[in-house]
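Peer 1: Structure incoming, see below.
Coordinate-derived values only; no laboratory data. Just so it is clear, the structure is predicted and the values come from calculations on it, not from any experiment. Every residue, glycine as well, gets a Cβ built from its backbone with ideal geometry; the counts of neighbours run over all protein chains shown.
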Amino acid sequence: DSGVTQTPKHLITATGQRVTLRCSPRSGDLSVYWYQQSLDQGLQFLIQYYNGEERAKGNILERFSAQQFPDLHSELNLSSLELGDSALYFCASSPTRATNQETQYFGPGTRLLVL
Amino acid sequence: GDSVTQMEGPVTLSEEAFLTINCTYTATGYPSLFWYVQYPGEGLQLLLKATKADDKGSNKGFEATYRKETTSFHLEKGSVQVSDSAVYFCALSSKGAQKLVFGQGTRLTINP
C-alpha cells in the first residue's frame, strides 16, 4: 500500500459526459501528479501540482483540467468525453518539488471506460 | 525531447532463470533513472532507482546500473520467481523537472 488513494476504482460513462477523478496523496506529500495509461499511448504524464499550484503540464487535453485543494487532495476533471479517453488514470505523490531524484508513489488507479 | 526505450515483450522465462530487460534513454543532462513494477490489478511500485552515473540500484534481488556512456539502465535478476511475473517500466526524470517519462513496459511471465 503506497498511501495514495484514488476514487472511484472504476467508472463507466457515455461519450460527451463529464467525470471527476479524486486523489489523496500520502500524508505530508505536497506534490501530486496525474498520469494516463492507455494501450496505444502507454504511460503519459498529464499534469503536476505542488502545494495547490500548477507546477508542470504534459500532454493534457484542453478538455481535461485539474486542481489541488488546500487539504492537498487533487481532482482531475475530464469533460466532453470521447471513446479514446478510455484509460487507466494514475495519481502519484512525492514530498516536494525540489529535485528529480524523488520517488513518486502511485495510487491504484481509476479505470475509465467511455461507451 | 526525453524518451525511454525498453525491449519489446512479452518475456517468458522458467523459474530460476536469469533475467535481463534492456532499457536505453535519451535525455539532456543527467536524468535520474527508475524501474517501476506493476502487478496485475495494482498501481506502479518503485523497484529501484539510480540518480547519477555508475550508481547501482538494487532491491529484492533486482539490480540496474546507470551507464552514462551507453545511456542504458538494464534491469537484471539472477534467479527469477513466479511471483516476479508483472509488467516492468523503465522511466527517467530530467534535471529541473519531476515528471516521469516512461518506456512502453515489458510484460514478464515466469513459469514454474
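Peer 1: Report the dimensions of chain A along its three principal axes from the alpha-carbon atoms, largest first, rounded to Å.
Peer 2: On the principal axes, chain A reaches 39, 27, 26 Å in Cα extent.
Peer 1: Test of understanding: ordering A:H10, A:H73 by Cβ neighbours within 10 Å, fewest first, what list do you get?
Peer 2: Going from sparsest to densest Cβ surroundings: A:H10, A:H73.
Peer 1: Using the Karplus equation 6.51 cos²θ - 1.76 cosθ + 1.60 (θ = phi - 60°), what ³J(HN,Hα) coupling, rounded to whole Hz, does each residue of region A:5-20 give in order, writing x for Gly and Pro?
Peer 2: 10, 9, 9, x, 7, 9, 8, 10, 8, 10, 4, x, 7, 10, 9, 10
Peer 1: To continue, here is another question. Using the crude model of +1 on Lys and Arg Cβ and -1 on Asp and Glu Cβ, and no other charge, please compute the dipole size for chain A relative to its Cα centre, in debye to 20.
Peer 2: 100 debye
Peer 1: If you take the charge dipole of the protein assembly as shown about its Cα centre, with +1 on Lys and Arg Cβ and -1 on Asp and Glu Cβ, which of A:L72, B:I110, B:F18 is farthest toward its positive end?
Peer 2: Highest projection toward the positive end goes to A:L72.
Peer 1: Note down the nm distance, to one decimal, between modelled labels 7 Å out along Cα→Cβ at A:K9 and at A:L83.
Peer 2: 2.8 nm
Peer 1: Right, here's the next one. Between B:L13 and A:L113, what FRET efficiency follows from the Cβ-Cβ distance if R0 is 35 Å, with the result rounded to 0.05?
Peer 2: It comes out at approximately 0.60.
Peer 1: Can you list residues whose amide H is under 5 Å from A:A56's amide H, if they're 5+ apart or on another chain and H is modeled 1.01 Å from N?
Peer 2: A:Q48
Peer 1: Restricting things to Cα coordinates, could you compute the convex hull volume per residue of the protein assembly as shown in Å³?
Peer 2: Convex hull volume per residue, Cα atoms: 119 Å³.
Peer 1: Moving on to the next point. Straight distance only, please: which lysines reach the Cα of B:K60 with their own Cα at less than 27 Å, same-chain residues fewer than 8 apart left out?
Peer 2: Partners within reach: B:K49, B:K52, B:K68, B:K77, B:K99.
Peer 1: Would you list A:S27, B:S72 from fewest to most Cβ contacts within 10 Å?
Peer 2: Fewest-to-most Cβ neighbours within 10 Å comes out as A:S27, B:S72.
Peer 1: Continuing with the same structure: For chain A, set up a GNM with springs between Cα atoms under 10 Å and report which of A:I60, A:I47, A:I12 has the largest fluctuation.
Peer 2: A:I12
Peer 1: Another question, then. Using R₀ = 25 Å, calculate the FRET efficiency as 1/(1 + (r/R₀)^6) where r is the Cβ-Cβ separation of B:K60 and B:Q104; round to 0.05.
Peer 2: After rounding, the FRET efficiency stands at 0.65.
Peer 1: Follow-up question, since we're still on this one. Please arrange B:C90, B:C23 by how many other C-beta atoms lie within 10 Å of their C-beta, fewest to most.
Peer 2: Placing the least packed residue first, the sequence is B:C23, B:C90.
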